Amino acid sequence: MSPLRDLSEVLERVLQLQSLPPAAPPTSCREALEHARQRASRDAELRDLLAELGAALVDALLAGQESEFVASLVGTLAPAEAEPAGEAPAVVQLESAPEAAAIAEEPPAAIPPADAPRPPSIAITPEVLRALQQRLHQNSLQREVRRSARSGAQHRELLEKVRWYLEAFGPTPALLQDAAAIKAETEQLVRLIPAPPHHWQDVGKEANHALTSWTAARARAAQDAARGRNLMEEVHQLDQLFPRLSRHANKSRPGMVHGLARAHDPLGNSWLDDARGYEQRLRRLLVEDGLAPQAAPPEPPNHDDALRRLTDDLRGGLGVEGFCERVKALLAGGLAPTETRLVRMARPFLADLVGPDLAPLRRAVERDLEAEADQVEGNGQLPADWPWLSFTRGKRGAIVGGEPRQERRERLQEVFGFDSLEWLPNPTRGIRRVHALTQQMRAGSLDMVIVLRAFVGHGVSDKVFGAETPGCRTILAENYGVTQVRLGIERFLAGAATEAGSASTSA
């Protein structure tokens with residue numbers, strides 16, 4: 001509240017509360033409780049009003065406006081009634097003579113009507129002012145001492161703590177894919193995050209917020225990676241870290257820490273991206289204060305150069321095993337599995353992208369192939385005089401490879417007239433399915449099997465073609481589009497007819 005504000009309403013309410021007559025003795029327990037409630041409410045309101053007056057006085061003292069405040073206060077009070085002889089009226093005395101003279105020269109205030117209500121006078125003596133000034137001066141000195149200590153040796157000591165944590169936690173991992181990296185990150189976080197880390201608040205609010213947010217983002221990234229690899233022990237250990245960090249944030253108040261709630265999603269592309277941003281904030285704090293960390297994070301790898309070298313090596317004859325090892329290294333170095341150049345490069349090796357390290361790239365390649373097939377196919381139809389329709393109409397068929405979708409299966413069954421059409425999904429992830437399919441082929445339960453070359457490796461296709469019988473034709477198509485399936489059927493059935501004709505001629 002400003003010291004020059006009209007204080008009449010506040011003073012009027014204070015005097016009104018102070019002049020309330022005592023309540024009559026209660027006649028019942030209920031009435032006694034009501035009196036106690038009213039008394040507590042009155043006392044609370046009176047405390048708030050007096051605190052407001054005190055704040056106005058403190059503001060005036062800090063601004064050097066004691067005289068203005070006193071003048072405003074005197075102006076809000078009506079003159080006291082004539083008091084009995086022999087008693088001096090209450091007065092307002094100022095500490096400095098010039099201020100007193102200035103007020104003495106002012107014209108007297110207008111005298112209100114005699115019947116106007118007049119509260120009792122309030123005296124502000126020099127002793128009161130000196131005591132308040134002395135206390136405010138002492139508090140100011142204490143704040144200056146704390147500020148200077150914080151800006152000196154103590155501040156440098158706190159920054160040393162931040163640097164120690166940066167070096168102890170190490171740089172944010174580029175990727176968490178294999179089980180060994182996930183377990184190492186979990187062990188590091190569990191060992192270094194205190195329980196609870198209350199002393200982190202000593203490094204200052206900004207560094208405390210960056211440090212808490214950094215560790216929370218790293219813990220979320222490790223938790224998601226552990227769930228993906230079914231490392232339930234690590235998931236449980238990481239779960240225990242978030243209550244520690246939440247209690248610390250509630251006590252030290254560093255600001256909103258994103259990642260402590262289960263419902264939070266990463267602010268960036270991933271939790272690791274968020275963690276790297278918080279880590280850079282911590283490092284900038286040290287650089288700005290002339291205390292750079294001893295070990296700077298390594299420079300990020302140049303993925304463009306790595307992809308160019310991989311392209312050149314593939315043209316030079318790099319095999320499947322070498323390609324997969326190189327790709328694992330690139331993914332571990334932070335290359336996104338959805339990188340267009342990598343996806344196109346990996347298409348011929350789709351069936352060989354096995355294992356959890358290569359699973360993200362495999363899914364990206366499958367989505368790319370499916371999108372291409374959907375785009376190219378359009379509304380594929382068979383020619384009206386297609387000569388091979390008798391090999392499909394009313395027959396029992398099966399498709400091997402790709403991601404089964406009901407609308408795709410129904411489309412192929414309708415166009416080619418199959419009586420039934422099964423779809424064997426992801427054969428490389430379930431060899432038992434392939435074995436059951438070959439058993440059906442040999443038992444005569446199927447008339448045609450269509451192998452999708454883009455989605456199936458040589459191991460699976462060799463098993464399927466090896467189980468071919470005269471009653472069950474095996475077809476190799478590029479993908480599941482109507483046009484590609486038609487071309488595959490024409491190519492293989494025409495070749496089989498040519499071989500049969502050659503055999504009969506020789507006989």
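Rule-based calculations on the coordinates, nothing more; no lab input. Keep in mind that what you see is a predicted model, and the values were worked out from it rather than measured. A quick note on method: Cβ atoms are made from the backbone with ideal geometry, for glycine too, and the neighbour counts reach across all protein chains shown.
Of note:
- Cα gyration tensor, segment 395-496 - rounded (a/c under 1.5), prolate or oblate: rounded
- With q set to 0.18 Å⁻¹, the log10 of I(q)/I(0) for segment 188-291, from the Debye formula over equal scatterers at the Cα positions, is -0.85.
- Globularity index of segment 318-371 is 0.99 (Cα radius of gyration / 2.2 N^0.38 Å, N = number of residues).
- With the highest mean first, a sort of the peptides 448-461, 254-267, 334-347 on other beta-carbon atoms found within 10 angstrom per residue produces 448-461, 334-347, 254-267.
- Between L267, V235, A180, the Cα set farthest toward the positive side of the dipole of segment 154-288 (charges on each charged residue's Cβ, about the Cα centre) is that of L267.
- Cross-link table K328/K463; K205/K251; K161/K183, entries beyond 23 Å C-alpha to C-alpha: K328/K463; K161/K183
- Using C-alpha pairs under 8 Å with a sequence gap of at least 6, the mean separation divided by the residue count of segment 389-500 gives a relative contact order of 26 percent.
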